[in-house]
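Colleague: Before anything else, here's the structure in question.
The values are calculated or read from the model by the stated rules, or taken from the named source; none is laboratory data. It should be emphasised that the depicted structure is a prediction, and the values quoted were computed from it without experimental measurement. Glycine gets a Cβ as well: all are built from the backbone with ideal geometry, and neighbour counts include every protein chain shown. Accessible surface is based on the protein model in full, side chains and every heavy atom, while ligands, DNA and RNA are left aside. Shrake-Rupley method; radii C 1.70, N 1.55, O 1.52, S 1.80 Å.
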Amino acid sequence: MISVENLKVEFGAKPLFQDVSFVVNERDRIALVGKNGAGKSTMLKMLCGMQRPTDGTISIANDTTVGYLPQVMKLQDNTTVKEETRKAFSNNTKLKAKLDKMQKEMESRTDYESDSYMQLVEKFTQEHERYGMLGGENYEADIDRTLTGLGFTKEDFDRPTSEFSGGWRMRIELAKILLRKPDVLLLDEPTNHLDIESIQWLEQFLQQSGRAVVLVSHDRAFINNVTDRTIEISCGRIYDYKVKYDEFLELRKERREQQLRAYNNQQKEIADIKKFIETFRYKASKAVQVQSRIKQLEKIVPIEIDDVDTSAMNLKFPPCQRSGDYPVICKDVRKDYGAHNVFKDVNLTIKRGEKVAFVGKNGEGKSTLVKCIMGEIPYDGELKIGHNIQIGYFAQNQAQLLDENLTIFQTIDNVATGDIRLRINDILGAFMFGGETSEKKVGFLSGGERSRLAMIRLLLEPVNLLILDEPTNHLDIPSKDVLKKAIKAFDGTAIIVSHDREFLDGLVDKVYEFGGGVVREHLGGIYDFLRNKQSETIAEAIGEGDHKSKDNAPQETAKAEEPKNSSDDSQMSYAERKEIQKKVRKIEKQVAESEKKIAEMEERLKELDAKLSKPENATDMKLVAEYTDTTKALEAENEKWLELSEQLEEIRID
């Protein structure tokens, strides 16, 4: 269906990728993987024709249609949900208008025996058959079914798209692409704006679809459930595995070990040649051998090792003047869009230095309350912003607000002031945009890179109230960890809207739950919240009840009150909960360290097994002794891991 041959893409001195060839076949389910900036999003843009390669060809079979969902897109706000979705069938509506015009012409004409009239009848018949093949007017049922699957209710269909949060508008775009029924679906992080129910619906849709799928996602479970082939972009090349993602990880590990062995052997060979050259460079008797070694060195093609990213993104928020004691106070705050209520009776107080989380299903009003705090939209009730507050705001759509025609350096240079302008290169380097990368245009950046760039802009001004709306959507795991570390070290106040349980763990000390028009306060961290809800995940905790609401969707409201819970855990004092949470985190860290040691020792035993299996090493007592010692150490570490795991389980049960 799509054939890629000898593809090469250059944005700077070093190609993004080169000599890339592969084929997307009918019904293929492909996961496109690689670190942020490896070129995954660029590859999807090439496949759909949005970007042209520097060299090579991309051939698409005749009559093959391609649907592309980018990470970042410009959304329209001047129609209703149903009208916007109906644009997926623009070909149908245009053809219907053409048929109506021809039918009126046939009715008005009387030259039934003329050649032109017969040609008109024949043309009408052909176009009418084509209209039927495209689904005729039956597409309305498909629209309803798809929108419902993605979480919309019948009442939402006639509401303006402007009333919905960015995540829900992205769902409309996804619905349009699915409804066009392209032969090949190119999806770039499609789950970023979906809740668990919609993700499961999309999984089922893609599994049952007869179309080819090329998918980029950081959601490991989603990739494993949907794909059966994995293409990795690494070191500017691709590696094609006909297996699911989990199996790919094992095969990739083996491939990298082979590369590492070959690399080490080559480095030893290079070192030996250089040593020979340096030793005998000035000896006339060795001149021929030296020249031979120099030529040999020039012919060596360096072996590249898969670029496992070990660079550190150092993120530090600048110091800011002290704010008032209470940065945000809400009293009976209410927000309505016409007859649709988002929330009411919101009463909350956020103290200076607190890190709080806003959690809830997509559309329950988290982003709406953030916009109220920012003063972007009107509301009812009283909302006070404390004395001397300086807000730093990171919105879900922050990345798409960047000017795609500017370079990375220009983007920061345009907003930097004072002494910061002298440190732009240092700042960009800390965010992995160093060297020639800083001259790359924003339009060629991946979603993760754009999010990092938008985060840099946030850092340029000192703030004492951070409001981060889904800051981790386009970040890989290492980048999430660095951002989390920076927020923990931030001495101001932070409001974080997120579904990411691991990101929030150990970061927030209070959780506000949005649901059913009510905002409830929960003291303690995210795991305290989950234990009180008797849930394993945030998705499970916030999914209680049958409602499927969006920002501004009508809901049956109730006065915000702390839900009653008779469990012993709910009777603990805040201090006791914090102490237990501290113990849990400490033991979890010890378990992780133990697991790492076990993995390292098991890996070493494999290496020793391989060496001892060779006849020349069978009597090597040094290797035998190391094997024996490592085996004993592994047994001891396994015992330690078991004890720690039992302790952790006991604390969680208590």
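Colleague: Give, as a single signed number, the net charge of other residues whose beta carbon lies under 12 Å from the beta carbon of L44, with Lys and Arg counted +1 and Asp and Glu -1.
Modeller: Overall, the nearby charge balance is 0.
Colleague: Could you give the length gained on full extension between C235 and K614, defined as 0.36 nm per residue of separation minus the Cα-Cα distance, in nm? Can you show the working numbers first?
Modeller: Numbers: separation 379, 0.36 × 379 = 136.44 nm, distance 3.33 nm.
Contour length minus the Cα-Cα distance gives 133.1 nm.
Colleague: Moving on. Local charge sum around V415 (other residues, Cβ-Cβ under 13 Å, Lys/Arg +1, Asp/Glu -1)?
Modeller: -1
Colleague: Something else about it: By DSSP, what percent of the beta bridges with both residues in segment 129-274 are antiparallel, rounded to the nearest 5?
Modeller: 50 percent
Colleague: Need one number: nm distance between label points at D336 and S645, each 7 Å from Cα along Cα→Cβ, rounded to one decimal.
Modeller: The two pseudo-label positions are separated by 5.6 nm.
Colleague: Once amide H atoms are built 1.01 Å from N in the peptide plane, which residues 5 or more positions from F343, or in another chain, come under 5 Å H to H?
Modeller: K335
Colleague: List the residues whose amide H sits under 5 Å from the amide H of V243, counting only those 5 or more places along or on another chain, with H placed 1.01 Å from N in the peptide plane.
Modeller: Amide H neighbours of V243, under 5 Å, 5+ apart: T230.
Colleague: What is the calculated FRET efficiency for K441 to E278, with r their C-beta to C-beta distance and R₀ = 56 Å, to the nearest 0.05?
Modeller: The formula returns an efficiency of 0.80 here.
Colleague: Using heavy-atom solvent-accessible surface (probe 1.4 Å) with all chains present, what is the largest-first order of K480, K361?
Modeller: K480, K361
Colleague: Provide the FRET efficiency to the nearest 0.05 for the T57-E26 pair, computing r from the beta carbons and using R0 = 22 Å.
Modeller: 0.65
Colleague: Ignoring ligands and nucleic acids, what accessible area does H128 show with a 1.4 Å probe (Å², nearest 10)?
Modeller: Number for this one is 100 Å².
Colleague: Once the Cα gyration tensor of segment 204-334 is diagonalised, what are the square roots of 5 times its eigenvalues, in whole Å and ordered largest first, as equivalent ellipsoid semi-axes?
Modeller: Result for segment 204-334: semi-axes of 52, 31, 11 Å.
Colleague: Contour minus end-to-end for R180 and I300, with contour as 0.36 nm per residue of separation and end-to-end as the Cα-Cα distance?
Modeller: 38.1 nm
Colleague: Along the Cα→Cβ direction, 7 angstrom out, place labels at A633 and V288. What is the inter-label distance in nm?
Modeller: Label at A633, label at V288, 5.1 nm between them.
Colleague: When ranked by the protection proxy of mean other Cβ atoms within 10 Å per residue, highest first, what sequence do the peptides 528-534, 242-248 form?
Modeller: 528-534, 242-248
Colleague: Using 0.36 nm per residue of separation minus the Cα-Cα distance, give me the extension gain between E113 and R130 in nm, one decimal.
Modeller: That pair, E113 and R130, stretches by 3.6 nm at full extension.
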